[in-house]
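To keep things clear, I will list the structure first and then write my remarks on it.
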Amino acid sequence: MKLFKNYRSQLILVLVLTIVLVFGFGFYVHIATLNLQVIVNKPIITQDDVTNFGNILTSLSRTSFFFLALILVVIITLLIYTVLSLSYSLEEILKGIQKIGKGDFAYQIPLKGTNEFGQIAQFLNAASAQLGIARKELLKSKESVELQIKERTAQLSAEKNKMSVILSGITDSVIALDLKRNIVMFNTNAELLTGFTTSQVMGKSISQVVEFFEGKRSLPIDEYAPVKSDGFEGIVFVKENVKMASVKGKDAWVRLTVSQIGEGNQVNLGNILTIRDRTREHELEEMKVDFVSMAAHELRTPLTSMKGYLSVFMNENKGKLSQDNQILINRVAISTDLLSGLVENILNVSRIERGVYTVHPAPLDWVQFVSNAVSDVQIRAHEKNLRLTFTQPSEPLPSVIADKARIVEVLYNLLSNAINYTPKDGSITVWIERVKDMLVTHVRDTGKGVPKEALPHLFSKFYRAGGPTSEGVKGTGLGLYISKSIVELHKGKIWVESKENEGSTFSFSLPIAT
Amino acid sequence: MEKKILLIEDDEFIGYIYKRQLEKNGYKVNLFLKGKEGLSDAMTNPYDLILLDVMLPDISGIDILKGIKEKEGIKNTPVLLLTNLGQEEVIKQAFALGADGYLIKASYTPDQIVNEVTMFLKQHQQQPVA
């Protein structure tokens, strides 16, 4: 069948064949015409010539018919062959394309020739084979991706379950907020603490669910749950003794810790609130404060009697007692004073902790006030042979805003400590300086100083550097705690700088009167 | 002429030692351990000074003060409160009702109380009583 390299050469051959036949026919006609001419040009035309002429014409007509028929047959045959072969190739290619289109990449178009359709078929076969390979690979990778997705999904759901089990297991309430401060997570304990169920609060603003109070002040949402866009990760707010009021009517005393994660902005997670229910502890603490306060009140009455009777007894027996007895009674008096100081301090602490310890600050000539306080304790310093000096400021200083009755306790406390903790022949210096809109008062001693490890605890309740009975100096461990509270109620600060064996400098600041 | 002081103090020991020291210094002292009895005594007997404990079990010192200050004839009798530390609120209230001063019991010895009383009466006498 494959006679020709391609359809173009097939057509050219048909054309050439036609031309050759046409020319051959023309040539034959020409020869025949020449023979006729010879006859026609004869001067005399014989009977033979006429017969000859007729024969030639007949032969010409026959041959012409034969030639024309041959030409037609050849052309038509070749054309039919071409058309048939074209239609067969097209059909095969169409069939192949349809099969490939349906995804049968294994199908091969059965056209082997070198002509155009053969080339197309070969190309399509190759492409189809490539597609087949590509599809196989695709299917393979799809399977592996599906497997991976399955694994990941299982991991994620395990992670989620693990998280929710952990969250429901912890005794703190955990509430997560999105960037708009709407609730996106609410654990079991949050449900118990607030009285809401998770489905009731999901998507609601935190302020529609709970409100936090510091004392009487309602904490604004921007204060306890600030939205920071700086990628900060960690705790952004923490406060003890916060009162949490649930809109459901449940109140609790809590410790509120608010954190955020660095990727918060990308995953729309604003804050994570961790709320520890401290209601029970708070009640116990209140009971403790109440008990201490009541006990101290009860102690105070007999103590007042003891002090009163003792002072009358000592006055009426001045010079009448033996030296030995006088020492005994003096020690009773010292102990009574210590005890009554302790009771007063405990009462002050309980007032501070109940928030009922108040100050009534008014303008106060501070330089004069400090100078007087220093003079008042001069005798005690002198008894220990300590040099106590008040350095007058080089320039006139303004008054401060302070409650005389309260702030004098701070001064006496710092001066007493300096006297108590400075060995004989040491020195104590008191001076005042102005720092911006505050007056800072310093009390420096040449005592043994505060051990480094004691410094952070020095202003804590019941803390005594060196243990409860340090160096025979009697004290309650409440003085500096009370002093700190008093100074802070005046919006001032109190601090200490100290090196062991080099002495200490206690300082506190008070706002200047404007 | 010896001055008469009404002392209302529920703690017997404290009441006794104050009375003892005041009498040693020439005052005539009537001590009442019960607030109500003290008040009714104040209504009938004239005094130069009333020393009044503000924390009493049967009736509050504030109520006694009100009773005294509302009664014609005795409302000008000066009243000094006997208080404890940390009773600023009661003291404020008492001053508003017309109390003349206060003495913190824990801060004074009985003799110092006598001194304060003597000083107060001396100053009070110099001022014309309205």
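Summary table
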{"item": "Matching option when the condition is among the polar types (S, T, N, Q) and either touching a strand residue (DSSP E or B) at 6+ places or on another chain (Cβ under 7 Å) or within 14 Å of chain B (Cβ to nearest Cβ) (or both), among A:Ser394, A:Ser371", "result": "A:Ser371"}
{"item": "Which numbered condition A:Val356 fails, given (1) within 14 Å of chain B (Cβ to nearest Cβ); (2) buried (at least 16 other Cβ atoms within 10 Å of the Cβ)", "result": "(2)"}
{"item": "Residue match in segment A:394-407 (condition: within 22 Å of A:Leu458 (Cα to Cα) and not in a strand (DSSP E or B))", "result": "yes"}
{"item": "Residue list for segment B:84-106, restricted to those being within 12 Å of chain A (Cβ to nearest Cβ) and of a type in the set (S, T, N, Q)", "result": "B:Asn84, B:Gln87"}
{"item": "Some residue of segment A:58-80 being farther than 30 Å from A:Leu34 by Cβ, in contact (Cβ under 8 Å) with a residue 12 or more places away in the chain and aromatic (Phe, Trp, Tyr)", "result": "no"}
{"item": "Residues located in segment B:51-81, provided they are surrounded by 15 or more Cβ atoms within 10 Å (Cβ to Cβ), of a type outside the set (Val, Ile, Thr) and under 19 Å from B:Gln123 (Cβ atoms)", "result": "B:Leu51, B:Leu52, B:Pro78, B:Leu80, B:Leu81"}
{"item": "Residue match in segment B:60-83 (condition: under 21 Å from A:Tyr309 (Cα atoms) and either assigned to a loop (DSSP other than H, G, I, E, B) or within 14 Å of chain A (Cβ to nearest Cβ) (or both))", "result": "yes"}
{"item": "Residues satisfying the stated conditions in segment B:1-50, i.e. within 14 Å of chain A (Cβ to nearest Cβ), surrounded by fewer than 18 Cβ atoms within 10 Å (Cβ to Cβ) and of a type in the set (Lys, Arg)", "result": "B:Arg20, B:Lys24"}
{"item": "So A:Ser59, is it closer than 30 Å to A:Val210 by Cβ and part of a helix (DSSP H, G or I)", "result": "no"}
{"item": "Residue list for segment A:272-307, restricted to those being within 14 Å of chain B (Cβ to nearest Cβ), over 17 Å from A:Gly355 (Cα atoms) and in contact with a Lys or Arg (Cβ under 8 Å, 6 or more places away or on another chain)", "result": "A:Thr304"}
{"item": "Residue selected from segment A:455-482 under the condition surrounded by 17 or more Cβ atoms within 10 Å (Cβ to Cβ) and in contact with a strand residue (DSSP E or B) (Cβ under 9 Å, 6 or more places away or on another chain), by the criterion modelled with the highest pLDDT", "result": "A:Leu480"}
{"item": "Residue in segment A:183-192 that is acidic (Asp, Glu) and touching a strand residue (DSSP E or B) at 6+ places or on another chain (Cβ under 7 Å) present", "result": "no"}
{"item": "Subset of segment A:378-389 [touching a residue at least 12 places away in the same chain (Cβ under 8 Å) and either buried (at least 18 other Cβ atoms within 10 Å of the Cβ) or assigned to a helix (DSSP H, G or I) (or both)]", "result": "A:Arg380, A:Ala381, A:Leu386, A:Leu388"}
{"item": "Given (1) closer than 29 Å to A:Leu284 by Cα; (2) loosely packed, with under 13 Cβ neighbours inside 10 Å, index of the condition A:Gly203 fails", "result": "(1)"}
{"item": "Residue match in segment A:312-321 (condition: within 11 Å of chain B (Cβ to nearest Cβ), touching a Leu at 6+ places or on another chain (Cβ under 6 Å) and within 24 Å of B:Ile104 (Cα to Cα))", "result": "no"}
{"item": "Yes/no for A:Lys180 being basic (Lys, Arg), free of Cβ contacts under 8 Å to residues at least 60 places away in the same chain and touching a Gly at 6+ places or on another chain (Cβ under 8 Å)", "result": "no"}
{"item": "Near pairs, Cβ below 6 angstrom, 6+ apart or cross-chain, from segment A:399-419 (buried (at least 21 other Cβ atoms within 10 Å of the Cβ)) to any residue that is of a type in the set (Phe, Trp, Tyr)", "result": "A:Val400/A:Trp366; A:Leu414/A:Phe506"}
{"item": "Complete set of residues in segment A:441-454 that are modelled with pLDDT of 90 or more and within 13 Å of A:Phe506 (Cβ to Cβ)", "result": "A:Thr441, A:His442, A:Val443, A:Arg444, A:Asp445"}
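The values are calculated or read from the model by the stated rules, or taken from the named source; none is laboratory data. Since the structure is predicted, the reported quantities are computational estimates derived from the model, not experimental observations. All Cβ positions, glycine included, derive from the backbone under ideal geometry; neighbour counts span all protein chains shown.
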